[in-house]
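The values are calculated or read from the model by the stated rules, or taken from the named source; none is laboratory data. The structure displayed is predicted, hence computed values, not measured ones. Note that we place each Cβ from the backbone using ideal geometry, even for glycine, and neighbour counts take in every protein chain shown.
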């Protein structure tokens, strides 16, 4: 007996015993997720059910994960700056704050490169993601630091 005949036989037996009776949604079409107006919706539906995603969707997931990591680094940097401000000892925290900023910058620039690649690979404008404005965020981190002391000329150096 072929595999198809064996499966069909089991289905017929289940139907005869009533195993398929009173199932939720009986008599109605199965709901399909997605937009039927999208010419690729069925392909994406099948790929999603098979556990396979297009490369650009995997990339989008990686970016979202790394954006959460970036937020954690931002929070760590803020806590370090708050602690340094509370103790007044910026020099003791200088290396840790600088290291957090460097980690932030490295990850932010990597995310931005991947966002640009995602926006090139995405099938349409709706699938694109706004790019991370790295310089703005670095300035925001730097604004947490105390302003450098003003360099004023000594009283002897002032010409009357």
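So the values come out like this:
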read-out: Residue match in the range 97-106 (condition: surrounded by 15 or more Cβ atoms within 10 Å (Cβ to Cβ) and in contact (Cβ under 8 Å) with a residue 60 or more places away in the chain); value: no
read-out: Residue 92 vs. criteria farther than 30 Å from residue 130 by Cα and in contact (Cβ under 8 Å) with a residue 12 or more places away in the chain; value: no
read-out: Residues located in the range 41-71, provided they are under 14 Å from residue 122 (Cα atoms) and in a loop (DSSP other than H, G, I, E, B); value: 53, 54
read-out: Meets criteria (modelled with pLDDT of 75 or more and more than 30 Å from residue 129 (Cα to Cα)) for residue 53; value: no
read-out: Residue check, residue 116 part of a helix (DSSP H, G or I) and touching a residue at least 40 places away in the same chain (Cβ under 8 Å); value: no
read-out: Residue check for residue 78: in contact with a helix residue (DSSP H, G or I) (Cβ under 8 Å, 6 or more places away or on another chain), touching a residue at least 40 places away in the same chain (Cβ under 8 Å) and in a helix (DSSP H, G or I); value: no
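This table checks each residue for (1) over 26 Å from residue 54 (Cα atoms); (2) surrounded by 13 or more Cβ atoms within 10 Å (Cβ to Cβ); (3) touching a helix residue (DSSP H, G or I) at 6+ places or on another chain (Cβ under 7 Å); (4) modelled with pLDDT of 95 or more.
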residue: 67; (1), (2), (3), (4): no, yes, yes, yes
residue: 93; (1), (2), (3), (4): yes, yes, yes, no
residue: 118; (1), (2), (3), (4): no, yes, yes, no
residue: 142; (1), (2), (3), (4): yes, no, no, yes
